[in-house]
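Below is one structure, written out as structure tokens, with a few remarks after it.
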Amino acid sequence: MDLKSTIRVIEGYPIEGVSFKDITTLLKDKDAFKESLDQLENELKELDFDYIIGIESRGFIFGAPLADRLGVGFVPVRKPGKLPGEIEKISYDLEYGNNELEMHKDALNKGDKVVIIDDLIATGGSAKAAAKLVESLDAEVAAFVFLIELLDLNGRETLKDYKVISLVEYDH
């Protein structure tokens, strides 16, 4: 199945000049959603890791079912103010602004290996921030996995020290 054909592109959202890749059309298509999970699972099944880290919020959509399929734990990385326990926090830049990410300090142990997932890699800022959170807890990033990669924003370069997997590519 051609997953790209199930993703809607909305020009000028959320700001002028941005070409937004809307995955809600893929998600509502049960066959496309299953296929995306099948492909992601296939990419990850040979990797050695203990947890999938899902970046809020669309990383949760793919990360939790993949963790279940692969028999590993799922750890959410959230936007500020959403986690009740003691947290580790980091600020980062994104394609059209900046933000912060948080993770519970007790989410990982020294030496744990993780796969970080999000729906899309643009500049790589949020992914790199998530990696820094993981590494601040003495855990290791085994790979990053994304449904969509925006090639012209060079996010892969930001993550050049890591294994990066994506299923669908856009030039812009």
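Give, rounded to the nearest 20 debye, the magnitude of the charge dipole that region 1-88 has about its Cα centre when Lys and Arg contribute +1 at Cβ and Asp and Glu contribute -1 at Cβ.
So the magnitude is around 360 debye.
Which residue, chosen from ILE53, THR158, ALA107, occupies the Cα position most advanced towards the positive end of the dipole of the chain, where the dipole is computed from +1 (Lys, Arg) and -1 (Asp, Glu) charges on Cβ about the Cα centre?
Positive-end residue among those listed: ALA107.
Given contacts defined as C-alpha pairs under 8 Å and at least six residues apart, what's the relative contact order of region 26-103, whole-number percent?
Once divided by the residue count of region 26-103, the mean separation gives 22 percent.
Would you work out the charge dipole size for region 64-172 about its Cα centre, treating the Cβ of every Lys and Arg as +1 and the Cβ of every Asp and Glu as -1, and quote it to the nearest 20 debye?
The calculated dipole for region 64-172 is roughly 300 debye.
Please compute the per residue accessible area over region 102-172 with all protein chains in place, 1.4 Å probe, rounded to a whole number of Å².
Dividing the accessible area of region 102-172 by its residue count gives 40 Å².
Given a 1.4 Å probe and every protein chain left where it sits, what share in percent of the accessible area of the chain is carbon and sulfur?
44
Contact order normalised by length for the chain, with contacts defined as Cα pairs under 8 Å and 6 or more residues apart; what percent is it?
Reported as a whole number, the value is 17 percent.
With charges set only on the Cβ (+1 for Lys and Arg, -1 for Asp and Glu), what does the dipole of region 69-118 come to about its Cα centre, in debye to the nearest 20?
Computed about the Cα centre, the dipole is about 240 debye.
Would you kindly work out the equivalent ellipsoid of the chain from its C-alpha gyration tensor and give its semi-axes, the square roots of five times the eigenvalues, largest first in whole Å?
Ellipsoid half-lengths, sorted descending, are 24, 19, 14 Å.
If Lys and Arg each add +1 and Asp and Glu each add -1, what is the summed charge of the other residues whose beta carbon sits under 14 Å from the beta carbon of ALA139?
Local net charge: -4.
Roughly how many Å² is the accessible area per residue of region 1-92, as a whole number, for a 1.4 Å probe?
With all protein chains present, region 1-92 gives 55 Å² per residue.
Take region 1-81, compute every pairwise Cα distance, and split them into 10 Å bins from 0; I just need the percent in each bin.
17, 39, 34, 10, 0
Could you tell me the center-to-center distance, by alpha carbons, between region 126-172 and region 59-87 in angstrom?
If we compute the Cα centre of each part, the gap is 16 Å.
The values are calculated or read from the model by the stated rules, or taken from the named source; none is laboratory data. The shown structure was predicted, so the numbers you read here are calculated from the model rather than taken from an experiment. Glycine also receives a Cβ, built like all others from the backbone with ideal geometry; neighbour counts cover every protein chain displayed. When the accessible area is computed, the model is the full protein with side chains, heavy atoms only, and any ligands, DNA or RNA have been set aside. Shrake-Rupley method; radii C 1.70, N 1.55, O 1.52, S 1.80 Å.
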